[in-house]
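Peer 1: Please see the structure below; I have some questions.
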Amino acid sequence: MPDDFNAFNSPAFLNYLERVGMLQNSTIRRVALAADEATTSVERVILELGLLEEEEVYKALADFLNVPYVTIDRIDHELVRSGLLETEFMKRALVVPIAMVGPQYMIATANPDMADTLASVAFLLESPVVGAIASPSTIAGALTFANAQDPVADVAASSDVERLRSLANDGPVISLVNDIIGKAVGLGASDVHIEAQDGGARVRYRVDGLLRVDRFIPEDICSSVASRLKIMANLNISEKRRPQDGRADIVVRGRNIDIRMSTLPTQYGESIVLRLLDRARMQLDWEALQFPTDRVAEIEKLMSFPNGIFLVAGPTGSGKTTTLYTALRGINTEDRKIVTVEDPVEYSLDGVNQVQVDPAIDMSFAAALRAILRQDPNVVMVGEIRDEETAEIAVRAALIGRLVLSTIHTNDAVSAVDRLIDLNVAPYLVGATLRGVLSQRLVRRNCTDCKGAGCDLCGTSGKRGRMAVSEMLTVSSSIAEAIGQGARGPSLQQAATREGFVSIGEQAESLVQQGKLSRQEADRALGQD
C-alpha cells in the first residue's frame with residue numbers, strides 16, 4: 001500500500017463494511033457525504049453517529065488491511081514500560097510495541113496511515129517491524145502506566161479489605177482517579193463510565209450527550225481504581241456482588257463538584273458510573289439553553305398561571321430539570337412560596353424550599369408531595385411523575401389552586417397526555433388541569449467559528465456546545481375539551497396542529513436550514529433515519 005494511504009478515507013473500506021453487512025448502502029452514502037462535508041474521516045462520523053462501536057470499526061479495519069487485530073490482553077506491558085520507544089512518541093503516533101516475533105518487533109497502532117507509521121517506528125528502532133491494529137482505547141490503556149512500575153499486583157485475587165484499602169490509597173491509583181475526574185471536568189462531561197471488560201476496564205466520557213472513549217485501565221489495577229472510587233463515595237469496598245449508590249463532594253480545579261456514583265456487577269467485574277454536577281457551570285437562563293424568544297414567551301405565560309400543571313417531557317439527559325429550574329428562577333419572588341421534591345436536589349435555589357427524596361425512610365415523591373401540600377405552597381415542583389399516586393396528588397394539587405411543575409418520560413408532548421391517562425388520571429381531569437407540555441432534546445450545535453467544517457476550537461468535530469430543540473403543546477379550551485372527550489395520539493396531534501402546534505422535528509428542520517444544526521445531528525437526537 002502507498003505510504004500516505006489512509007484506510008478510513010478509502011472508498012474500498014466503506015465498500016468492505018457494506019460487503020460484510022456492517023452498514024447498509026444508504027448509510028454508507030450518508031456517512032461518506034457527512035465526512036466530505038465536515039472534512040473529517042469516515043471513522044469519526046461512524047462513531048459520532050453511534051453506527052458502530054469503536055472496537056467494531058478497528059476490527060473491521062484490521063480485517064480490511066489483512067493484519068492482526070489485538071486487544072489489551074495481547075500487549076506485553078513490560079515491553080511498553082521498557083523504554084524501547086519514548087512515551088511521547090507512542091502517544092503522538094498512536095503506537096505501542098506488543099511482542100517480539102522472531103527477530104522483529106510487532107507494533108500495534110490505531111493510526112490508519114499504517115505503512116507510514118510502521119516505517120517511522122522501524123527507523124527509530126533500526127529494526128524491521130510487523131504491524132497490527134488496535135483501537136485507540138487499547139493504545140491509551142497500554143500507555144497509562146508506560147513509565148510506571150506495577151503498583152498493585154494480585155489485587156483482583158485479594159479479599160482482604162485492608163489490603164484493598166491500602167492499594168486504593170496508593171499514590172499512582174489516586175493520581176489516576178484524579179486524572180480521570182479532572183479530565184472529565186475539563187471536557188465538561190456530564191458522566192464518567194468505567195466499564196469492566198475482558199482484560200481491563202474502558203473509561204468513557206459523556207460530552208454533549210455522546211459517549212467518547214478516553215483510555216483503557218489494565219486489569220491489574222481495576223480493583224484498586226474501583227476501591228478508590230468507593231472510598232470517595234463512602235461505599236463498601238468489599239461488596240462486589242450487589243449494586244451500590246453513593247455520593248461525594250470534591251474540589252477539582254478550584255470548583256466544587258458533586259459526584260453521584262453507581263456500581264453494577266457485570267460479567268468481567270463492576271461497571272461504575274459517575275454523574276458529575278458542576279454547580280458553578282449550571283446556567284439558569286433561557287439564553288444559555290438557546291430557546292427561541294417565542295418559546296420563552298410561551299413558557300413564561302404558563303408560569304404566570306395561578307394553578308394547573310406544566311410538564312417538561314423528554315428522555316434522560318434532555319435538559320428537563322434545567323428547564324424547570326430556569327422557569328422557577330423566573331417566578332421566585334417574595335410573595336410566592338415554592339417547594340420542590342427532587343431526586344436528587346441538583347441545584348440550590350435561594351428562597352426555595354427543596355426536599356430530597358429518600359426511599360430509605362419512605363420519603364417517596366408521593367409521600368413528600370402529600371406533606372408539601374400541607375405547607376401552603378403557591379408553586380410545587382415534582383422531580384418526576386412516575387407512578388399513579390404521584391400523578392393523582394399532582395392533579396389534586398392543581399385542582400385546589402397550586403401551580404405544579406414536573407417532568408415526564410415520553411417521546412413527545414402529545415404522548416404526555418396519554419401517559420397521564422395511562423396512570424389512571426381521568427381524561428376530564430387531565431383536560432381541566434393540564435396547562436401545557438414542553439417536549440425537548442439537547443442537540444450539539446454547529447461551531448459558530450467554522451460553521452460546522454471543523455477547527456481547533458471544536459476539536460475538528462464541527463460541533464461546539466448544545467442547544468435545545470422543542471415543541472410546546474398549549475392546552476387551550478378547545479384542546480382541553482378534546483382531551484376530556486377522549487382524544488389521544490394522532491387525533492390530539494391533529495387538533496393541536498389546527499391551532500398552530502409546530503412539532504420538534506419541524507423546529508429542528510428550521511435550525512438545519514439556518515445552518516445552526518447539522519442534519520446528521522438532528523437525525524441522531526430525534527431518532528430519525
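The values are calculated or read from the model by the stated rules, or taken from the named source; none is laboratory data. Please read these numbers as outputs of a predicted model, since none were measured by experiment. Cβ: placed from backbone, ideal geometry, glycine included. Neighbour counts: every protein chain shown. All accessible areas refer to the heavy atoms of the entire protein, side chains included, with ligands and DNA or RNA removed. Shrake-Rupley method; radii C 1.70, N 1.55, O 1.52, S 1.80 Å.
Peer 1: Taking region 380-400 on its own, how many of its residues are over 16 Å from Q440 (Cβ atoms), of a type outside the set (K, R) and not in a helix (DSSP H, G or I)?
Peer 2: Residues meeting the conditions: 7.
Peer 1: While we're looking at this one, here's another question. Is there any pair linking a residue in region 360-375 that is closer than 12 Å to T340 by Cβ and of a type in the set (A, V, I, L, M, F, W, C) to one that is open to solvent by less than 30 Å² (accessible area, probe 1.4 Å) and assigned to a helix (DSSP H, G or I), with Cβ under 8 Å and at least six apart or on different chains, and which?
Peer 2: Note: pairs meeting the criteria are F365/T390; L369/T390; L369/I393; L369/A394; L369/A397.
Peer 1: A further question follows. At least 2 residues that are within 26 Å of R419 (Cα to Cα) and touching a strand residue (DSSP E or B) at 6+ places or on another chain (Cβ under 7 Å) in each: list the strands (runs of 3 or more DSSP E) lying fully within region 247-332 that qualify.
Peer 2: 308-313
Peer 1: Please give the number of the condition V251 fails out of (1) modelled with pLDDT under 90; (2) closer than 30 Å to R464 by Cα; (3) open to solvent by less than 50 Å² (accessible area, probe 1.4 Å).
Peer 2: Tallying (1) modelled with pLDDT under 90; (2) closer than 30 Å to R464 by Cα; (3) open to solvent by less than 50 Å² (accessible area, probe 1.4 Å), V251 fails exactly one: (3).
Peer 1: Sticking with this structure for a sec: Collect the residues in region 507-529 that are under 19 Å from L289 (Cα atoms), free of Cβ contacts under 8 Å to residues at least 12 places away in the same chain and part of a helix (DSSP H, G or I), keeping them in residue-number order.
Peer 2: Result: S510, V512.
Peer 1: Condition test on V70, is it of a type in the set (A, V, I, L, M), modelled with pLDDT of 80 or more and surrounded by 14 or more Cβ atoms within 10 Å (Cβ to Cβ)?
Peer 2: So V70 fits the description; yes.
Peer 1: If you don't mind, there's one more thing I want to ask. Out of all the residues in region 401-442, which are assigned to a loop (DSSP other than H, G, I, E, B) and free of Cβ contacts under 8 Å to residues at least 12 places away in the same chain?
Peer 2: A426
One line per residue, one yes/no per condition, for (1) closer than 28 Å to R260 by Cβ; (2) in contact with a helix residue (DSSP H, G or I) (Cβ under 9 Å, 6 or more places away or on another chain):
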residue	(1), (2)
F305	no, no
G317	yes, no
V352	yes, yes
V357	yes, yes
D387	yes, yes
G401	no, no
I408	yes, yes
V414	no, yes
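Peer 1: Mind listing just one residue for me: the one in region 480-506 that is free of Cβ contacts under 8 Å to residues at least 40 places away in the same chain and assigned to a helix (DSSP H, G or I) and, of those, farthest from G314 (Cα to Cα)?
Peer 2: R498
Peer 1: Follow-up. Please state which one of L311, L284, L302 is more than 28 Å from P243 (Cβ to Cβ) and modelled with pLDDT under 90.
Peer 2: Answer to the check: L284.
Peer 1: Got at least one residue in region 49-63 being in contact with a strand residue (DSSP E or B) (Cβ under 8 Å, 6 or more places away or on another chain) and not in a helix (DSSP H, G or I)?
Peer 2: Yes, region 49-63 has at least one match.
Peer 1: Tally the residues that are open to solvent by 40 Å² or more (accessible area, probe 1.4 Å) and either over 22 Å from I221 (Cα atoms) or in a strand (DSSP E or B) (or both), restricting the search to region 73-93.
Peer 2: Selection size over region 73-93: 4.
Peer 1: Still on this model: Out of all the residues in region 336-350, which are open to solvent by 50 Å² or more (accessible area, probe 1.4 Å) and either more than 17 Å from E300 (Cβ to Cβ) or not in a loop (DSSP other than H, G, I, E, B) (or both)?
Peer 2: K337, D343, Y347, S348, D350
Peer 1: Residues in region 445-452: is at least one at negative phi, modelled with pLDDT under 95 and among the hydroxyl-bearing types (S, T, Y)?
Peer 2: yes
Peer 1: With the checklist (1) at pLDDT 85 or above; (2) part of a helix (DSSP H, G or I); (3) open to solvent by less than 50 Å² (accessible area, probe 1.4 Å) in hand, flag the one item K183 doesn't pass.
Peer 2: (3)
Peer 1: Another question about this same structure. Give the number of residues within region 23-42 that are farther than 15 Å from K463 by Cα, in a helix (DSSP H, G or I), open to solvent by less than 30 Å² (accessible area, probe 1.4 Å) and not hydroxyl-bearing (S, T, Y).
Peer 2: Residues flagged as farther than 15 Å from K463 by Cα, in a helix (DSSP H, G or I), open to solvent by less than 30 Å² (accessible area, probe 1.4 Å) and not hydroxyl-bearing (S, T, Y) within region 23-42 amount to 3.
Peer 1: So, one more: Could you tell me whether region 263-286 includes any residue that is on the phi > 0 side of the Ramachandran plot, within 15 Å of the chain's Cα centre (by Cα) and not small (G, A, S)?
Peer 2: No: zero hits.
Peer 1: So, in region 110-150, of the ones that are hydroxyl-bearing (S, T, Y) and under 27 Å from the mean Cα position of the chain (by Cα), which residue ends up modelled with the highest pLDDT?
Peer 2: S135
Peer 1: From the list C455, C450, exactly one residue is buried (at least 18 other Cβ atoms within 10 Å of the Cβ), among the hydrophobic types (A, V, I, L, M, F, W, C) and more than 17 Å from D294 (Cα to Cα). Which is it?
Peer 2: Of C455, C450, the one residue that is buried (at least 18 other Cβ atoms within 10 Å of the Cβ), among the hydrophobic types (A, V, I, L, M, F, W, C) and more than 17 Å from D294 (Cα to Cα) is C450.
Peer 1: Only residues that are within 17 Å of S348 (Cβ to Cβ) and not β-branched (V, I, T): list them for region 232-263, please.
Peer 2: R247, D249, R255, N256, D258, R260
Peer 1: Residues being more than 19 Å from V203 (Cα to Cα) and either acidic (D, E) or surrounded by fewer than 17 Cβ atoms within 10 Å (Cβ to Cβ) (or both): count how many of those fall in region 43-60.
Peer 2: Here the count works out to 1.
Peer 1: Still on this model: Tell me which of these R241 doesn't satisfy, since it passes every other one: (1) over 25 Å from E86 (Cβ atoms); (2) basic (K, R); (3) at pLDDT below 90; (4) surrounded by 15 or more Cβ atoms within 10 Å (Cβ to Cβ).
Peer 2: Answer for R241: the failing condition is (4).
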